[in-house]
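S.K.: Quick one: the structure is below, and I'll ask about it shortly.
Where a number appears in this text, it was derived from the coordinates with a stated rule and is not lab data. Just so you know, these numbers come straight off a predicted model, no measurement behind them. FYI the Cβ positions are ideal-geometry reconstructions off the backbone, even for glycines, and counts take in every protein chain you see.
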Amino acid sequence: MKLLDEAKKLADDIAEYAPSTNIELMIRDLIKEIERLQSEKIARS
């Protein structure tokens with residue numbers, strides 16, 4: 001499994017078991033930023 005997939009699973013788990021924290025949102029924001037950077041890199045290639 002890819003690291004981003006693991007991060008998405010972790011965010012889902014955190015949403016379920018620790019919903020009153022903002023950790024899930026921070027992880028999802030990081031995932032979005034990494035995906036954005038990856039697509040920019042691909043577009044430049």
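S.K.: Which residue, chosen from ALA7, MET26, ALA43, occupies the Cα position most advanced towards the positive end of the dipole of the chain, where the dipole is computed from +1 (Lys, Arg) and -1 (Asp, Glu) charges on Cβ about the Cα centre?
M.R.: Toward the positive end, the furthest listed residue is ALA43.
S.K.: For the chain, taking Cα atoms only, what is the radius of gyration to one decimal and the Dmax to the nearest whole Å?
M.R.: Gyration radius and largest Cα-Cα distance of the chain: 12.4, 41 Å.
S.K.: Quick check: net charge around GLU33, other residues with Cβ under 14 Å of its Cβ, Lys/Arg +1 and Asp/Glu -1?
M.R.: Numbers: positive: LYS8, ARG28, LYS32, ARG36, LYS41; negative: ASP29, GLU35, GLU40.
Residues close to GLU33 contribute a combined charge of +2.
S.K.: Relative to the Cα centre, what is the charge dipole magnitude of the chain, using +1 at the beta carbon of each Lys and Arg, -1 at the beta carbon of each Asp and Glu, and rounding to the nearest 20 debye?
M.R.: On the way: 8 positive and 10 negative charges, 62 e Å.
The calculated dipole for the chain is roughly 300 debye.
S.K.: Roughly how tilted is helix 3-17, in degrees to the nearest 10 and between 0 and 90, from the longest Cα axis of the chain?
M.R.: Between the helix axis and the principal axis of the chain, the angle is about 20 degrees.
S.K.: What do you get for the angle between helix 23-44 and the principal long axis of the chain? Use alpha-carbon atoms, 0 to 90 degrees, nearest ten.
M.R.: The two axes meet at around 10 degrees.
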